[in-house]
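Right, one structure below, let's go through it.
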Amino acid sequence: MIVAVASGKGGTGKTTVSASLASVWPSPVVAVDLDVEEPNLHLFMNPDISAQDPSYIEIPEIDDEKCTRCRACTDICQFKAIGIFGEVVMTFPEMCHGCGACWTICPEKAITPGKRELGQILSGRSGPSAFVMGRLRVGEAMSPPLMRDVKRHLNSGNGYADRDIIIDAPPGVSCPAINAVMDADVIVLVTEPTPFGLYDLALAQQAFAPLGKPMGVVINRADIGTRDVYDHCQKTGLTILAEIPYQRDIAEAYAKGQIIAAAVPSMRALFETLVGQIKTLHGQPSMAREVKHA
Amino acid sequence: MEKIAVSSEGPDMDARVDPRFGRAAGFIIIDPDTMAFEYVDNGSSQVMAQGAGIQAAEIVAATGARVLLTGFVGPKAFQALNAAGITIGQNVDNLTVREAVQRFQAGDVPVADAPNSRGHRS
Ligand code: SF4
Ligand code: SF4
């Protein structure tokens, strides 16, 4: 099973929930940080990193001698990463999405694929769990291709087969967030019972619903705000999987960078129950699917 | 003399200079010796999510113009225009196309050696 832990915005406790799930999961998991722009799961899980592999995207390199300025490449590139200015042909590597259309179409075979580094894939262990994270190169703007490479790494053997996977997804509802939850069997949304929490939860719910995955909610700092998030979940049929109370010992463990399920006994019990809830949710038809069938 | 391109809000010499280069409505290409001109539409660049400046630079380069008068040019388009050997006069806005050309001919338009567009997204 693949579980993605997501939230409509940062700072809701998403990473704490991911790390806690990994630590109480009944069998060794693969914990994956797909928040490649700002990875921080490792700060809680303290993994021993044993491998670091660069990830690249292919970009065009043009042989000026062979190029006849026929414009086929610049016409096909949706991203304007190649331009022809009078007699000058120029590439804009940082705008290239690596689709390969240009070197496929070039009638003169003047284009060969070169590479641009997207970032690194780091992998190792944290206790019984395997740990994998993607880290975007500073200045790099495209995270989805690096995220795809991290997923490819997960499928490449490496002893990950047969393990359940817990994904710490990037916050938000944009392309990277969708990309991270796309392959999950269950999506866990982490939120807070505040007006902002409700707003971001509703956005995330809307963005992910078309994927047709079972979704449930974990409410963090459950006693700080109002009942609106609860009412919303009830109205829209979102299961509340767990409520993490706002409690001093939890806040302290969190502040020390500890995994709350490991540091606070009541939290271990709560997360063990959450694992059961997630497993129940897995295999239940999702709201979106029911709607489609109706 | 070399042809001059001016980013323009409309198809004639009395239209206003469009301050945006990449997303300009179009370009007026002027032969300064005869003051004959033609209008080239930039509509296809205007609707682009990214790369509008690069596409606009391609359009201008293809007209054979060697000088561009406009408001703001982003860094990538600047790089492209430079490589194509096109001289850029920036901050020529709040004028008509005709006035901009006259100013350039009088030597009153400083030639830019750096892009001036801030907050450029692509
Ligand atoms: S690989 Fe694709 S995105 Fe990159 S320059 Fe070629 S056509 Fe454009
Ligand atoms: S398709 Fe090939 S030959 Fe044609 S302009 Fe591009 S690089 Fe040159």
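The values are calculated or read from the model by the stated rules, or taken from the named source; none is laboratory data. In this text, all values refer to a predicted model and were calculated from it rather than measured experimentally. Here the Cβ positions follow ideal geometry from the backbone for every residue, glycine too, while neighbour counts run over all protein chains shown.
Please indicate, with yes or no, whether at least one residue in the stretch A:145-165 is among the β-branched types (Val, Ile, Thr), within 16 Å of ligand 2 (Cβ to nearest atom) and in contact with a strand residue (DSSP E or B) (Cβ under 8 Å, 6 or more places away or on another chain).
no
Just to be sure I understand, how many residues within the stretch A:29-61 are surrounded by fewer than 21 Cβ atoms within 10 Å (Cβ to Cβ) and within 16 Å of ligand 2 (Cβ to nearest atom)?
So the count comes out to 2.
Examine the stretch A:114-129 for a residue that is more than 30 Å from B:LEU68 (Cα to Cα), within 16 Å of ligand 2 (Cβ to nearest atom) and more than 14 Å from chain B (Cβ to nearest Cβ), and state whether such a residue exists.
Yes, the stretch A:114-129 contains a residue that is more than 30 Å from B:LEU68 (Cα to Cα), within 16 Å of ligand 2 (Cβ to nearest atom) and more than 14 Å from chain B (Cβ to nearest Cβ).
Of everything in the stretch A:71-86, what is more than 6 Å from ligand 2 (Cβ to nearest atom) and on the phi > 0 side of the Ramachandran plot? Give them in sequence order.
A:LYS80, A:GLY86, listed by residue number.
Taking the stretch A:37-53 on its own, how many of its residues are within 17 Å of the chain's Cα centre (by Cα), within 13 Å of A:ARG135 (Cα to Cα) and not in a loop (DSSP other than H, G, I, E, B)?
Final tally of qualifying residues: 2.
For the stretch A:86-194, give me every one of the strands (runs of 3 or more DSSP E) that falls completely inside it and has 1 or more residues that are within 13 Å of ligand 1 (Cβ to nearest atom) and more than 15 Å from the chain's Cα centre (by Cα).
Here the list reads A:88-91, A:111-126.
Which count do you get for residues in the stretch B:86-117 that are among the small types (Gly, Ala, Ser) and either within 13 Å of B:ALA5 (Cβ to Cβ) or in contact (Cβ under 8 Å) with a residue 60 or more places away in the chain (or both)?
Total satisfying the criteria: 3.
Select from the stretch A:57-70 the residues that are within 12 Å of ligand 1 (Cβ to nearest atom) and either over 17 Å from B:GLY51 (Cα atoms) or among the aliphatic types (A, V, I, L, M) (or both) and list them in ascending order.
Within the stretch A:57-70, A:ILE57, A:GLU58, A:ILE59, A:GLU61, A:ILE62 meet the criteria.
Quick check: is even one residue across the stretch B:86-98 within 13 Å of chain A (Cβ to nearest Cβ) and in contact with a helix residue (DSSP H, G or I) (Cβ under 7 Å, 6 or more places away or on another chain)?
yes
Does B:PHE78 fit the bill of being within 12 Å of the chain's Cα centre (by Cα) and within 14 Å of chain A (Cβ to nearest Cβ)?
Spelling it out, B:PHE78 is indeed within 12 Å of the chain's Cα centre (by Cα) and within 14 Å of chain A (Cβ to nearest Cβ).
What about A:ALA180, is it buried (at least 22 other Cβ atoms within 10 Å of the Cβ) and among the small types (Gly, Ala, Ser)?
Yes; evaluated as a whole, the condition is true for this residue.
Pick from the stretch A:183-193 the residues that are surrounded by fewer than 24 Cβ atoms within 10 Å (Cβ to Cβ) and touching a helix residue (DSSP H, G or I) at 6+ places or on another chain (Cβ under 8 Å): which of them is farthest from A:ALA4 (Cα to Cα)?
Looking at the filtered set, the residue picked out is A:PRO193.
Listed here are the residues, each with its yes/no results for (1) assigned by TED's automatic domain parsing to the domain that holds A:ASP33; (2) surrounded by fewer than 17 Cβ atoms within 10 Å (Cβ to Cβ); (3) within 21 Å of A:ALA177 (Cβ to Cβ).
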| residue | (1), (2), (3) |
| --- | --- |
| A:ALA110 | no, no, no |
| A:PRO113 | no, yes, no |
| A:SER126 | yes, no, no |
| A:SER143 | yes, no, yes |
| A:VAL150 | yes, no, yes |
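Considering every residue within the stretch A:98-108, establish whether at least one is modelled with pLDDT under 95 and either charged (D, E, K, R) or more than 16 Å from ligand 2 (Cβ to nearest atom) (or both).
So far as the stretch A:98-108 goes, yes, one or more of its residues are modelled with pLDDT under 95 and either charged (D, E, K, R) or more than 16 Å from ligand 2 (Cβ to nearest atom) (or both).
Among A:CYS73, A:CYS77, which is within 10 Å of ligand 1 (Cβ to nearest atom), in contact (Cβ under 8 Å) with a residue 12 or more places away in the chain and within 11 Å of chain B (Cβ to nearest Cβ)?
A:CYS77
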